[in-house]
Amino acid sequence: MSQRNLEPLDVASIREEFPILQREFDGQQVVYLDNAATTQTPDPVVDAMSDYYRESNANIHRGIHHLSQEASRLYEEAHDRVAEFIGADGREEVIFTKNTTEGENLVAYAWGLNELGPGDRVVLTEMEHHASLVTWQQIAKQTGADIEYIRVDADGRLDMDHARDLIDDDTAIVSAVHVSNTLGTVNPVSELTDLAHEHDALSFIDGAQAVPNRPVDVAAIDADFYAFSGHKMAGPTGIGVLYGKQDLLEEMEPYLYGGGMIRKVTFEDSTWGDLPWKFEPGTPQIAEAVGLDAAIDWLEEIGMDRIESHEQELARYAYEQLAAEGDVEIYGPEPGPERGGLVSFNLEGVHAHDLTSILNDHTIAVRAGDHCTQPLHDKLGVAASTRASFYVYNTREEIDKLVAALDDARQLFA
Ligand code: C6P
């Protein structure tokens, strides 16, 4: 196993690659702490995409001309790069989607709609994002399958005894979030996958908040499906990834139909092309694939181990500073390996939307709301929370600014 490199990051020089972080509103430099929603994009990624448009732009897999061949090669190589990055066997297991949400829908419709029926069980967790929760709810309604939720305990962790009770021989799929976008909890996804496999069920892991922030090896997790988004990992919007084990993807029917995904079409019927193209009909997001490839180069140059430890350190600092305030309620586990780089909280007596708007007066960008985890917020007994989420370019000083700005909210709402 390769040695983990945990040397501290040179955050100052990393920040130079993000002109957006120098922006000012009302004379105050932006403090960007909304990275779980979307991360900023470094110059090399923007350059790779604009170089593509300036020099290589063409449609793929259709033209015999030089530009089309070049664009096709870049697009295909981006699949190889992703496969290598997440430990997949090859490009056949890497489907480019629009985002994590589309990956969830692809599996739910292409696999779930065909395979599930009355008596089958879909096991989710109480901390699922709506991308998974709402999608499986709809599939369950259409197929008559049941949904059960693994409980979240008082510390914001999954109750694994409950998981062992729920995952049984009726279970067809376990769909779990790797890192919660609200609680920050890092879930034991290998254990959940093992439990699913012990009962001949499949596992789908939502890696939207994991792949950007820590080393992820889908083969080590043994996940059957794993999804994430480019825009949360220093890449562009409009591209996501669905990893799937090749044999499963081979067996599945396509989700969307059209050009580019077929082998033979007659007036009567059609057959499907090879993986992964079978699941990528129409003109795909070519420039975005080039951008995602560049984002992976950029992340790997820094090192995913170092990114993970930088974020954990920031999460620990933010947690401790906020907890020391006395009137702040924080959700999710204590800092440590089981918490990713975000902290959701409420300030006593101040609605999360008001607090977020006051923080915006200081040009501090955080997110307020239920973060697409409404049932989890119901369980926490709050309508909304404020969330600060960190990335490779954030600093302790930015967290200090956030904590100092809480005083304004106290004064206004006292
Ligand atoms: N969470 C957040 O602010 P998309 O939008 O498809 O790229 O990602 C959906 C998604 C799925 N799972 C998890 C765990 C997520 O965090 C997200 C996106 C954003 O928390 C937008 S709601």
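The values are calculated or read from the model by the stated rules, or taken from the named source; none is laboratory data. Because the structure is a prediction, the values reported are computed rather than measured. Here Cβ is always computed from backbone atoms with ideal geometry, including for glycine, and neighbour counts include all displayed protein chains. Surface accessibility is based on the protein's heavy atoms, side chains included, excluding ligands, DNA and RNA. Shrake-Rupley method; radii C 1.70, N 1.55, O 1.52, S 1.80 Å.
Things worth noting here:
- Leu412-Arg23 FRET efficiency (beta carbon distance; Förster radius 30 Å; 0.05 resolution): 0.70
- Under 5 Å from the amide H of Asp34 lie the amide H atoms of Ser389, each residue being 5 or more positions distant or on a separate chain, with H modelled from the backbone and absent for Pro and chain starts.
- Of the listed residues His197, His61, the order by accessible area with a 1.4 Å probe, largest first, is His61, His197.
- For the residues Ser270, Ser180, Ser50, a GNM of the chain with alpha-carbon springs under 10 Å puts the largest fluctuation on Ser270.
- Label-reachable residues, segment 106-130, where backbone N falls under 15 Å from a point 7 Å from Gln142's Cα toward its Cβ: 106-118
- Taking amide H as placed 1.01 Å from N in the peptide plane, the amide H of Ala208 sits under 5 Å from that of His178, each at least 5 places away or on another chain.
- At the residue level, Met160 shows approximately 30 square angstrom of accessible surface with a 1.4 angstrom probe and all protein chains present.
- Were the residues from Leu9 through Thr395 laid out at 0.36 nm apart, the gain over their Cα-Cα distance would be 137.9 nm.
- Remark: segment 46-300 carries 40 Å² of accessible area per residue (probe radius 1.4 Å; ligands, DNA and RNA excluded).
- Taking the 1.4 Å solvent-accessible surface of the chain as the whole, the part contributed by carbon and sulfur is 46%.
- Student exercise, segment 139-255 dipole from Lys, Arg, Asp, Glu Cβ charges, in Debye to nearest 20: 840 debye
- Annotation for segment 16-45 versus segment 180-227: alpha-carbon center distance of 30 Å.
- Once all protein chains are placed together, Arg164 keeps about 110 Å² accessible to a 1.4 angstrom probe.
- Förster radius 45 Å - calculated FRET efficiency between Arg62 and Val403, Cβ distance, rounded to 0.05: 0.25
- Where Arg263, Arg157, Arg396 fall by accessible area, highest first, once all protein chains stay in place (1.4 Å): Arg263, Arg396, Arg157
- By DSSP, the beta bridges lying fully in the chain are antiparallel in about 60 percent of cases.
- Put simply, the amide H of Ile150, placed in the peptide plane, has neighbours under 5 Å in Leu124, Thr125, Glu126, leaving out anything fewer than 5 places away on its chain.
- Cα gyration tensor shape of segment 1-72, rounded if a/c is under 1.5, else prolate or oblate by comparing a/b with b/c: oblate
- Label reach from Asp161 (point 7 Å along Cα→C-beta): in segment 167-184, amide nitrogens under 16 Å belong to 167.
- Helical segments meeting 20 Å axial Cα length and Kyte-Doolittle 0.0 threshold in the chain (DSSP H): 286-302
- With the convex hull of its Cα atoms as the shape, segment 46-300 has an orientation-averaged projected area of 14.0 nm².
- Mean residue ellipticity (222 nm) of the chain, computed from DSSP H runs ≥ 4 via -39,500 (n - 2.57), nearest 500: -11500 deg cm²/dmol
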